[in-house]
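The numbers here are math on the coordinates, done by the rules we state, and not lab data. Please read these numbers as outputs of a predicted model, since none were measured by experiment. Note that each Cβ is placed from the backbone with ideal geometry, even for glycine, and that neighbours are counted across all protein chains shown.
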Amino acid sequence: MRPVVKIEHLTKTFKGKKAVDDVSFSVHQGEVVAILGPNGAGKTTTILMMLGLLNPTAGSAQLFGQDTKTKEVRERIGVMLQEVSLMDGLKVKEILRLFRSYYPNPLPLETLLKITGLGESDLKRRVEKLSGGQKRRVAFALALAGNPDLLFFDEPTVGMDIAARKSFWENIQHLKKQGKTILFSTHYLQEADDIADRIILFQNGVIKADGTPDDMKRQLTKQSVSFLTKDVLPKKFFLQEPFVSDCFVKDGRMVILTDDTDAVLAKIYAEQLEVRDIRVEKGRLEEAFEQLMDQERDGDVV
Ligand SMILES: Nc1ncnc2c1ncn2[C@@H]1O[C@H](COP(=O)(O)OP(=O)(O)OP(=O)(O)O)[C@@H](O)[C@H]1O
Ligand SMILES: [Mg+2]
């Protein structure tokens with residue numbers, strides 16, 4: 001199947017500094033992808049290049065197999081940028097009407113109001129008089145106005161209160177069920193883990209990791225099985241197994257680092273080892289993410 005988003009060797013240099021450095025990935029229909037990374041990682045720059053709003057220094061971006069600037073592509077995408085800028089002077093109702101008129105099959109106004117939680121009374125208000133959170137609701141409505149197949153959200157929940165955030169993600173789940181393809185950027189690992197099928201982790205303009213939240217846990221975290229034992233076991237006993245990456249004694253416990261804790265347990269039972277107090281530790285993604293960021297700060301690039 002042809003990818004909905006395809007970017008190849010995308011690079012952007014600002015004043016000699018690479019903000020995005022040779023980034024390539026594809027996204028397929030129905031995927032919900034989180035672009036996760038700290039401030040300045042290159043998330044917004046990548047999204048703007050994908051949308052054709054910023055010219056790449058090198059590389060290319062295609063949406064639906066076409067140049068991102070074509071009318072056919074424009075009609076099939078919805079976008080909510082990090083900096084929400086609405087047309088001052090217009091009432092909410094007018095701006096929604098205007099945006100709906102750009103698309104061949106816009107969503108009915110009532111549907112947009114229902115999804116975004118905007119009320120009838122909001123429609124009469126001028127956009128510049130809205131609060132930050134209300135502006136986000138309008139921006140969300142504008143992103144959905146054309147009933148797009150592909151949606152981009154750059155840090156959508158910043159500035160939303162807890163209720164608005166919850167309702168936003170419920171809407172995203174609903175859009176996913178309809179088969180929409182969704183890309184969103186976030187600093188929040190929890191959001192990425194909860195919502196996305198796939199996380200692309202950005203750091204310093206490059207992709208550090210790409211996979212399902214579970215893949216990411218496996219890539220970034222160490223899982224272990226540890227236990228107490230009276231027998232003296234040679235390290236080789238475990239190290240000879242392909243699924244064991246290390247084996248050592250810590251605080252009187254034998255610790256086996258592995259990417260398959262079930263296989264380690266199976267071996268313990270199969271060999272009928274006399275062990276007690278078995279503990280299985282699955283690495284937490286949160287820890288792994290922090291670890292990765294710390295390593296970067298310490299200059300120890302993974
Ligand atoms: N127009 C610009 N001119 C010069 N430098 C820029 C410009 N836009 C972005 N940068 C730089 O490029 C790098 C990546 O910025 P970008 O906005 O893509 O990061 P981000 O991951 O979206 O960060 P945040 O989480 O803060 O939104 C940063 O170092 C930033 O200072
Ligand atoms: Mg950004």
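Need one number: % antiparallel among DSSP beta bridges in the chain, to the nearest 5.
Roughly 65 percent of the beta bridges in the chain run antiparallel, per DSSP.
For the chain, with only Lys/Arg (+1) and Asp/Glu (-1) charged at the beta-carbon, what is the dipole magnitude about the Cα centre, in debye rounded to 20?
Computed about the Cα centre, the dipole is about 1240 debye.
Can you tell which of V84, Y188, G30 lies farthest toward the positive end of the dipole of the stretch 5-217, using +1 and -1 charges on the Cβ of basic and acidic side chains (Lys, Arg; Asp, Glu)?
Going by the Cα projections, it comes out as V84.
Are there any trypsin sites (Lys or Arg not before Pro) in the stretch 180-289 that are in a DSSP loop and have at most 10 other Cβ atoms within 10 Å? List them by number.
K230
Quick one, can you get me the convex hull of the C-alpha atoms of the stretch 70-186 expressed as volume per residue in Å³?
About 101 Å³ per residue, rounded to a whole number.
When you take every Cα atom in the stretch 222-282, what is the radius of gyration, and what is Dmax, the widest Cα pair distance, in Å?
Calculated on Cα positions, Rg and Dmax stand at 10.2, 25 Å.
With the chain treated as a Gaussian network of Cα nodes joined by springs under 10 Å, which of R76, R137, R126 yields the largest mean-square fluctuation?
Per the Cα network of the chain with a 10 Å cutoff, R126 tops the list.
In whole Hz, what ³J(HN,Hα) sequence does the stretch 184-189 give by Karplus (6.51, -1.76, 1.60; θ = phi - 60°), x for Gly and Pro?
9, 9, 7, 8, 8, 4
With θ set to phi - 60° and the Karplus curve 6.51 cos²θ - 1.76 cosθ + 1.60, what are the ³J(HN,Hα) couplings of the stretch 42-51 in order, to the nearest whole Hz, using x for Gly and Pro?
Going residue by residue, I get x, 5, 5, 4, 5, 4, 4, 5, 4, 7 Hz, with x marking Gly and Pro.
Return the inverse of the average 1/r over all pairs of distinct C-alpha atoms in the stretch 102-248, which is the Kirkwood hydrodynamic radius, in Å to one decimal.
Value: 19.0 Å, from the Cα pair sum.
Taking H placed 1.01 Å from N in the peptide plane, check which residues at least 5 places from A19 or on another chain put their amide H under 5 Å from its amide H.
Long-range HN contacts for A19: K12, T13, F14.
Per Stokes-Einstein, at 20 °C and 1.002 mPa s, what whole-number D in µm² s⁻¹ belongs to the chain, with the Kirkwood radius over Cα pairs as the hydrodynamic radius?
98
Near the amide H of V249, under 5 Å away, which other amide H atoms are found, from residues 5 or more places off or on another chain, if H is placed in the peptide plane?
Result for V249 returns V255.
What is the extension gain from K18 to N55, computed as 0.36 nm multiplied by their sequence separation minus the C-alpha to C-alpha distance, in nm to one decimal?
Roughly 11.9 nm would be gained on extension.
Which residues does the label zone of N105 cover in the stretch 138-161, counting backbone N under 17 Å from a point 7 Å along Cα→Cβ?
Label zone hits: 144-151.
So, R0 is 22 Å and r is the distance between the beta-carbons of K235 and R279; what FRET efficiency does that work out to, to 0.05?
0.70
Given a Förster radius of 45 Å and the C-beta distance between H28 and L90 as r, what FRET efficiency does 1/(1 + (r/R0)^6) yield to the nearest 0.05?
E between H28 and L90, to the nearest 0.05, is 0.75.
Please list, in order along the stretch 114-130, the HN-Hα scalar couplings obtained from phi with the Karplus expression 6.51 cos²θ - 1.76 cosθ + 1.60 (θ = phi - 60°), rounded to whole Hz, x for Gly and Pro.
My calculation for the stretch 114-130 gives 5, 5, 8, x, 7, x, 4, 5, 5, 4, 8, 7, 7, 4, 6, 8, 7 Hz in order.
What angle do you read, to the nearest 10 degrees and between 0 and 90, between the alpha-carbon axis of helix 162-177 and the longest principal axis of the chain?
Its long axis makes an angle of about 90 degrees.
Within the chain, what's the longest stretch lacking GluC sites (Glu not before Pro) that sit in DSSP loops with no more than 13 other Cβ atoms inside 10 Å?
Excluding the exposed sites themselves, the longest stretch runs over 84-270.
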